[in-house]
Amino acid sequence: MSENIVLSATITIPNGPKMPLNRTLTVEAYDKIDVTVPSGTTDMTVDLQPSAAGQVLLLLVTSDWYGATLSYKANSAAGNPYTLDEPHLLTGKGAMAMLESSAAISKLLFSNTTAGPSAKDAKVQILVGRDATP
């Protein structure tokens, strides 16, 4: 059974261009994942799919706060960290290839390096749209 994910946004620059974006992505399955990344956490693993062989077509990562002390890596603790300084949205196989090195994305590893008086947990939401039968 397929599901449609409707993506709609408008990028507007005051006194400048306005660019609408309207897409419908057809996926076989989707997952919405809510996690709390505690202060002081390094490489907390969040599984994105039941197996490593899936085909992710949409990945949205949001948080209740953003900044240089909140990041994630794709698939491996040895991977490059991506700072979650704003919401991250990737759609399509071309965009997903930016996160995938030699393996299809199957998990994210989150780090929250806040500490001391500025320590705070991050409430992260992840939306994954994928083909369930590669």
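Consider V61 carefully, then state whether it is in a strand (DSSP E or B), crowded, with 16+ Cβ neighbours inside 10 Å and at pLDDT below 95. Reasoning before the result, please.
Numbers: in a strand (DSSP E or B): yes; crowded, with 16+ Cβ neighbours inside 10 Å: yes; at pLDDT below 95: no.
Taking the combined requirement at face value, the residue does not satisfy it.
Among the numbered criteria (1) over 14 Å from the mean Cα position of the chain (by Cα); (2) on the phi < 0 side of the Ramachandran plot, which single criterion is violated by L89?
L89 satisfies every listed condition except (1).
Residues of segment 13-35 being polar (S, T, N, Q) and either closer than 18 Å to Q125 by Cβ or surrounded by fewer than 10 Cβ atoms within 10 Å (Cβ to Cβ) (or both), which ones?
N15, N22, T24
Could you please give the count of residues in segment 122-134 that are exposed (fewer than 15 other Cβ atoms within 10 Å of the Cβ), in contact with a strand residue (DSSP E or B) (Cβ under 8 Å, 6 or more places away or on another chain) and part of a loop (DSSP other than H, G, I, E, B)?
Going through segment 122-134 one residue at a time, the tally reaches 1.
Tell me which residues, restricted to segment 92-121, are closer than 30 Å to L25 by Cα and assigned to a helix (DSSP H, G or I). Break it down into steps so the answer makes sense when it comes.
The initial filter retains those residues of segment 92-121 that are closer than 30 Å to L25 by Cα, namely 92-111.
Across segment 92-121, the qualifying residues are G92, K93, G94, A95, M96.
The values are calculated or read from the model by the stated rules, or taken from the named source; none is laboratory data. All values derive from a computational prediction rather than experimental measurement. Because the Cβ atoms are built from the backbone with ideal geometry, glycine has one as well, and the counts that use them run over all protein chains shown.
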